[in-house]
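Q: Would you mind keeping the following structure in view while I ask a few things?
The values are calculated or read from the model by the stated rules, or taken from the named source; none is laboratory data. No experiment lies behind these values; they were computed from the predicted model shown. Cβ atoms come from the backbone with ideal geometry, glycine included; neighbour counts cover every protein chain shown. For accessibility, only protein heavy atoms count, side chains too; no ligands or nucleic acids. Shrake-Rupley method; radii C 1.70, N 1.55, O 1.52, S 1.80 Å.
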Amino acid sequence: MATGEIRMKVLSLYKSLLRESQKFSSYNFRMYALRKIRDEFREKKLLTDPARIKEEINFAEKNLGIIKRQVIVGNLYSTEKLIIEKNN
Amino acid sequence: MLSKCVLRFTRLRQLPQSTSNHLLRDYSSDGKHRPERNKFNIRDEVLDGRPLYLDAQATTPLDPRVLDAMLPYLTNYYGNPHSRTHAYGWETEEAVEKARKQVASLISADPREIVFTSGATESNNLALKGVARFYSMKKKHIITTQTEHKCVLDSCRALEGEGFSVTYLPVQSNGIIDIKEFEKAITEHTSLVSIMTVNNEIGVKQPIADIGAICRAKKVFFHTDAAQAIGKIPINVNTMNIDLMSISGHKIYGPKGVGALYVRRRPRVRLEPIQSGGGQERGLRSGTVPAPLAVGIGEACEIAQREMAYDHKWMEFLSNRLLDKIMTALPQVIRNGDANQTYPGCVNLSFAYVEGESLLMALKDVALSSGSACTSASLEPSYVLRAIGTDEDLAHSSIRFGMGRFTTAEEVDYTAEKCIKHVERLREMSPLWEMIQEGIDIKTIQWSQH
């Protein structure tokens, strides 16, 4: 993949991950996922080794799949909202 | 002391009722209540929503990534991992063996040294009773500490009934054992030493590497209950000279009902199994390995290994935030256990002149505990706090704040805020607090006997 292509791919993954994580019905899982995704991407922003970048892209894709499935499972058994969600 | 408090409480509560008849009109006529009446009342506080969870030492939520790894084995891959004659068995066995590798990797062990159990309690029982009984012909002495988890202490009691002698080492006021005392306690009859890595109530870390080195030098087996430590602080069974180690699934965002026991192969540690049966897990723990749970603990270990530094940094951030807020707002708050040699996700505080259970009741919108979940049904003060020499009254006023991977900064802020508010409220109505404010030293008072 060309550099531009990789850049597009990474950005789109980042956006999809954040968008899907927003759908977690559990406050704690949602907040963790958002924090974790932002920190991971920020930490790996400066990677240049193509093999490492490919590895990280695969890892992100795998996790995107997990998030999509777990959002569904979480919604099936969702609970009442937490007290701090309701008061904000 | 207590009876005075109770008296005062009941008086406060009854006063408005008993005198209500002639006062009632006064209240309603101007629409105001007497300030005393509502000052301490929290009955009208409407709590809308589920409580926050800050009890990570009791158990942790199942990480969605762990559940995702488990679900296939709870649905379509239902084979018995010990079935050797068909594909259903093979695919499940492969998953269990992968999980064994993941657990082993986290502690730098060999996968063959991992035995799956039902949890840390079973692991502790198996390690203590197993080793003690196997070597009982030659050695009949065990060393443990006073701050161990109930299941270790109870296993030791059971062994005492079988004729073993047990040394319960005291700990210093910071919760850590005295290495010199420990070394002195080892005799030629000692077969096993069992000391936990991280305490479940006060979060204190024991010097495991030092203890391991002494045990190795004296040729005594060393078992550590690492249920609260695994995946949270780095552990290497080889550099720390650990011979046996108990691991729990549900303290590391894995499923409940599964644990593991690490049993060293070289130099070999031999155990007498507790359960008889099909001889699974190298004959040490008969019974079908619950494949979905094993997969869960394996995945949880892999995630913990990958994210240990990240999670630890978050724990430090949260615990500092909590401590800063509470300590600056409230005087006379004591942190139980060593402040440096500790796992930051567990903060145990004593609020002087506040009764812990009352505070827990008031903080009903936050799931907290005054100590371990096993003993939370009784009102007895924690034996761990008594072991570190905490005064009876301070031991009664302790609260454990347990933070985890999924705890947010907002939750910590909310908890700190609520905690400060209620400690101030409870102190405000405490006669003891009033006396302290007046400069009376409570310890010097001769309370009359009732």
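Q: Filtering region A:1-17 down to residues that are open to solvent by 60 Å² or more (accessible area, probe 1.4 Å) and among the aliphatic types (A, V, I, L, M), which residue is nearest to A:Thr48 (Cα to Cα)?
A: Among them, the one singled out is A:Met1.
Q: Also, quick follow-up: Looking at region B:203-212, is at least one residue more than 30 Å from B:Ile297 (Cβ to Cβ), modelled with pLDDT of 95 or more, open to solvent by less than 10 Å² (accessible area, probe 1.4 Å) and in the same structural domain as B:Gly259 (by the TED database)?
A: Restricting attention to region B:203-212, the residues satisfying the condition of being more than 30 Å from B:Ile297 (Cβ to Cβ) are none.
Scanning region B:203-212 turns up no residue that is more than 30 Å from B:Ile297 (Cβ to Cβ), modelled with pLDDT of 95 or more, open to solvent by less than 10 Å² (accessible area, probe 1.4 Å) and in the same structural domain as B:Gly259 (by the TED database).
Q: As an exercise: evaluate B:Leu271 against (1) in contact with a strand residue (DSSP E or B) (Cβ under 6 Å, 6 or more places away or on another chain); (2) surrounded by 20 or more Cβ atoms within 10 Å (Cβ to Cβ); (3) within 22 Å of B:His223 (Cβ to Cβ) and give the number of the one condition it does not meet.
A: If we test B:Leu271 against (1) in contact with a strand residue (DSSP E or B) (Cβ under 6 Å, 6 or more places away or on another chain); (2) surrounded by 20 or more Cβ atoms within 10 Å (Cβ to Cβ); (3) within 22 Å of B:His223 (Cβ to Cβ), just (1) comes out false.
Q: Further question: Show me the helices (runs of 4 or more DSSP H) found entirely inside region B:289-397 where at least 2 residues are small (Gly, Ala, Ser) and closer than 26 Å to B:Tyr414 by Cβ.
A: Working: elements: B:291-329, B:356-362, B:383-387, B:392-395.
Of the helices (runs of 4 or more DSSP H) lying wholly inside region B:289-397, those with at least 2 residues that are small (Gly, Ala, Ser) and closer than 26 Å to B:Tyr414 by Cβ span B:291-329, B:356-362.
Q: Condition check: more than 21 Å from B:Ile235 (Cα to Cα) and either within 14 Å of another protein chain (Cβ to nearest Cβ) or charged (D, E, K, R) (or both). Does B:Lys101 satisfy that? Quick ask: steps written out before the conclusion?
A: On the way: more than 21 Å from B:Ile235 (Cα to Cα): no; either within 14 Å of another protein chain (Cβ to nearest Cβ) or charged (D, E, K, R) (or both): yes.
No.
Q: Exactly one of these conditions fails for B:Ser118: (1) more than 28 Å from A:Val73 (Cα to Cα); (2) more than 14 Å from chain A (Cβ to nearest Cβ). Give me its number.
A: With (1) more than 28 Å from A:Val73 (Cα to Cα); (2) more than 14 Å from chain A (Cβ to nearest Cβ) applied to B:Ser118, the lone miss is (1).
Q: Tell me whether region A:1-19 contains one or more residues that are assigned to a helix (DSSP H, G or I) and within 12 Å of chain B (Cβ to nearest Cβ). Talk me through it step by step, then tell me what you get.
A: Step one: of region A:1-19, the residues assigned to a helix (DSSP H, G or I) are A:3-19.
From what is left, the residues that are within 12 Å of chain B (Cβ to nearest Cβ) are none.
Within region A:1-19, not a single residue is assigned to a helix (DSSP H, G or I) and within 12 Å of chain B (Cβ to nearest Cβ).
Q: Within the group A:Glu55, A:Glu61, which residue is under 26 Å from B:Thr75 (Cα atoms), more than 8 Å from every other protein chain (Cβ to nearest Cβ) and open to solvent by 40 Å² or more (accessible area, probe 1.4 Å)? Before the answer, list the steps.
A: Values: A:Glu55 fails: under 26 Å from B:Thr75 (Cα atoms).
Being under 26 Å from B:Thr75 (Cα atoms), more than 8 Å from every other protein chain (Cβ to nearest Cβ) and open to solvent by 40 Å² or more (accessible area, probe 1.4 Å) holds for just one of A:Glu55, A:Glu61, which is A:Glu61.
The rows are residues; the columns are (1) under 19 Å from B:Ala120 (Cα atoms); (2) within 25 Å of the chain's Cα centre (by Cα); (3) in a helix (DSSP H, G or I).
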position: B:Val237; (1), (2), (3): yes, yes, no
position: B:His250; (1), (2), (3): yes, yes, no
position: B:Gly277; (1), (2), (3): no, no, no
position: B:Gln280; (1), (2), (3): yes, no, no
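Q: Then there is this: Inside region B:308-348, can you point out the residues that are closer than 20 Å to B:Lys251 by Cα, within 17 Å of the chain's Cα centre (by Cα) and of a type in the set (A, V, I, L, M, F, W, C)?
A: B:Met315, B:Cys346, B:Val347 - these are the residues of region B:308-348 that are closer than 20 Å to B:Lys251 by Cα, within 17 Å of the chain's Cα centre (by Cα) and of a type in the set (A, V, I, L, M, F, W, C).
Q: If you check every pair at least six apart or on different chains, which have Cβ atoms under 6 Å apart with a residue in region A:48-68 that is at pLDDT 95 or above first and a residue that is of a type in the set (Ser, Thr, Tyr) second?
A: Going by the 6 Å Cβ cut-off, the qualifying pairs are A:Leu64/A:Ser16; A:Ile67/A:Ser21.
Q: Related question: With respect to B:Ile399, is the statement that it is more than 16 Å from B:Lys364 (Cβ to Cβ) and among the aliphatic types (A, V, I, L, M) true? Walk me through how you get there before you give the answer.
A: Working: more than 16 Å from B:Lys364 (Cβ to Cβ): no; among the aliphatic types (A, V, I, L, M): yes.
No, not satisfied.
Q: When you go through B:Gln341, B:Gln280, B:Gln275 one by one, which is the residue that is at pLDDT below 95 and in contact with a Lys or Arg (Cβ under 7 Å, 6 or more places away or on another chain)?
A: Working: B:Gln341 fails: at pLDDT below 95; B:Gln280 fails: in contact with a Lys or Arg (Cβ under 7 Å, 6 or more places away or on another chain).
Going through B:Gln341, B:Gln280, B:Gln275 in turn, the sole match is B:Gln275.
Q: Among the listed residues B:Lys256, B:Lys251, B:Lys232, which satisfies the condition of being at pLDDT 95 or above, over 28 Å from B:Thr288 (Cα atoms) and either out of contact with any Leu (no Cβ under 7 Å at 6 or more places or on another chain) or not acidic (Asp, Glu) (or both)?
A: Numbers: B:Lys256 fails: over 28 Å from B:Thr288 (Cα atoms); B:Lys251 fails: over 28 Å from B:Thr288 (Cα atoms).
One residue alone meets the criteria, B:Lys232.
Q: Of all the residues that make up region B:318-327, how many are within 9 Å of B:Pro344 (Cβ to Cβ), of a type in the set (A, V, I, L, M, F, W, C) and exposed (fewer than 14 other Cβ atoms within 10 Å of the Cβ)?
A: 0
Q: Specify the residue that is nearest to A:Glu55 (Cα to Cα); the eligible residues are those in region A:30-45 that are open to solvent by 40 Å² or more (accessible area, probe 1.4 Å) and not charged (D, E, K, R).
A: Filtering region A:30-45 for residues that are open to solvent by 40 Å² or more (accessible area, probe 1.4 Å) and not charged (D, E, K, R), the one nearest to A:Glu55 (Cα to Cα) comes out as A:Phe41.
Q: Follow-up. Just checking, how many residues over region B:359-386 are more than 28 Å from A:Ile83 (Cβ to Cβ), modelled with pLDDT of 90 or more and either crowded, with 21+ Cβ neighbours inside 10 Å or of a type in the set (Lys, Arg) (or both)?
A: Number of matching residues: 3.
For (1) open to solvent by 30 Å² or more (accessible area, probe 1.4 Å); (2) at pLDDT 75 or above; (3) in a helix (DSSP H, G or I); (4) within 14 Å of chain A (Cβ to nearest Cβ), each residue gets a yes or a no:
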residue: B:Asn21; (1), (2), (3), (4): yes, no, yes, no
residue: B:Arg25; (1), (2), (3), (4): yes, no, yes, no
residue: B:His33; (1), (2), (3), (4): yes, no, no, no
residue: B:Pro61; (1), (2), (3), (4): yes, yes, no, yes
residue: B:Ala69; (1), (2), (3), (4): no, yes, yes, yes
residue: B:Asn76; (1), (2), (3), (4): yes, yes, no, no
residue: B:Gly79; (1), (2), (3), (4): no, yes, no, no
residue: B:Glu93; (1), (2), (3), (4): yes, yes, yes, no
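Q: Another question, then. Could you tell me which residue of region B:395-440 is surrounded by the most Cβ atoms within 10 Å (Cβ to Cβ), considering only residues that are free of Cβ contacts under 8 Å to residues at least 60 places away in the same chain and within 14 Å of another protein chain (Cβ to nearest Cβ)? Working first, answer last.
A: Kept after step one, since they are free of Cβ contacts under 8 Å to residues at least 60 places away in the same chain, are these residues of region B:395-440: B:395-397, B:399, B:408, B:410, B:418, B:421, B:434-435, B:437-440.
Cutting the leftovers down to within 14 Å of another protein chain (Cβ to nearest Cβ) gives us B:408, B:410, B:418.
Values: B:Thr408: 20, B:Glu410: 15, B:Lys418: 18.
The selected residue is B:Thr408.
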